[in-house]
Every structure is written in C-alpha cells, then in structure tokens.
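Okay, so here's the structure we're looking at.
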Amino acid sequence: MQKILKQLVWMTALICWFAGCSVAEDGEINTRAESGIDEDGSSDFKVAGVTGIIGVSVGVLGTAFGDGNSNGKQSLIEFETISKGNESAISSLRNEVIDSEEAWAALWKEHLPGSLEIPAIDFTNKEVIGVFSGTRSSGGYTLEIDQVTGNGDKITISYIETTPGANCFTTLSLTSPFHLIQIEKTGKKFQFSMKSQVNSCQE
C-alpha cells in the first residue's frame, strides 16, 4: 500500500508540474493553465501531455492494485512429515530444499550416517523440505514446521523452535532437532521464517 501511495503522490506532482497547477490546503488541485491555444501551440501540448500522463498513471496504479490483491492472498499448502526428532547428525543451523534422488540420498546420509534405509520419495511430483537447528547443549529443544503457504511465485516455510525455560528439567545430553517434510512439487522459490518460543514447563 505504501508503494501505491508513493506512486500516487509522484504522479500527481508530475501532472501538476506539467499542467502548472497548485494544491490548496484542503487538498483541492487548482490549475493555472488556461484553455485555448497559445501562439506557439503550448496549451494543446500541455493538454495532450497531461492526458497522456493521467493515462499512464491509471495504468501503473491499476497494475499496482492488481499485484497487491494477488500478493495479499496466501494459500495453505498441505505437507506430510517424513521424519522429526532431536537426533540429527547435522550440527549447524540449516534449511534445505531437495528436489532430486541424488540430493536426497546425500542429505539423508549426512543426517543419519548409520542409516541403511532412505525414505522413498517420488521426486517427479514431490520435493523435500528440511529444517535443522544444529547441536543444542541439552534436551528440551524442539523444531517443528507448522505451516507452508504459497503467495504468488514464493513458498514460505514457517517453523517454530522451542527452547526449555528455567523451570524445565532436561537431559544433559547433546541434541540436534530437525523436521523433514514433503510437499507437491511447485517449481517456485522458497523462503523460510523461524519463530522462537520458550517452554515454561508450568502447568
């Protein structure tokens, strides 16, 4: 909306400059250009020019409003969990989008080096999304993808990292939370949005 308002102000100022007008305190636009044709034909040129600018302004603003409407509509995308837990071998914070068997096999081997069985994914129709929090100093940490949304040419992966509060009893062992999901293949760009929350461990 701010972008649209800026376009409106810019276009109005340009029209006023071209036509020779001023804006009163009450917002009314007063034109100083008189009707008729000057000896050099400048009035006709101004009228034609202003008409052209208004036409362009309407087109630009129509496009802006159209884009705003389409970009404002988010659609929920269904997903299926492949695996979720606290014991990934991936030790750093990472987000992954996998769209091939080769890349999936490499990620799974890094994620669970001792696993001999890789979950089967049909990459002709699906793609895999993975979020990894990296190594944490104790138990009580979780990571979960809670929503996948589509908006225009982008897919947003929203996930929540939960950390233990001061009242929580946790194990002293290292953990590494992760969540792997699959969605229908879209061919769109991905972006990730993480939200952090604290588990107070109070009933």
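Values in this text are rule-based calculations from the coordinates and carry no lab data. Just so we're clear, the structure is a prediction, and the values are computed from it rather than from any experiment. FYI the Cβ positions are ideal-geometry reconstructions off the backbone, even for glycines, and counts take in every protein chain you see.
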Under a Cβ-Cβ cut-off of 13 Å, what is the net charge of the residues other than residue 122 that fall near it, where Lys and Arg count +1 and Asp and Glu count -1? -3
Going through 109/188; 73/195; 154/185; 126/154; 109/154 one by one, the pairs whose alpha carbons sit over 19 Å apart turn out to be 109/188; 73/195; 109/154
Each label point is 7 Å from the Cα along the Cα-to-Cβ direction; what then is the distance between the points at residue 195 and residue 84, in nm? 1.4
Given R₀ = 25 Å, FRET efficiency for residue 156-residue 110 by Cβ-Cβ distance, to 0.05? 0.50
Around residue 77, which amide H atoms from residues at least 5 apart in sequence, or from another chain, sit under 5 Å from its own amide H, with H modelled in the peptide plane? 148, 149, 150
Place the peptides 83-96, 164-177 in order of packing, highest mean first, counting for every residue the other Cβ atoms within 10 Å and averaging per peptide. 83-96, 164-177
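Once the Cα gyration tensor of the range 75-199 is diagonalised, what are the square roots of 5 times its eigenvalues, in whole Å and ordered largest first, as equivalent ellipsoid semi-axes?
Values: eigenvalues 132, 72, 20 Å².
One finds semi-axes of 26, 19, 10 Å for the range 75-199.
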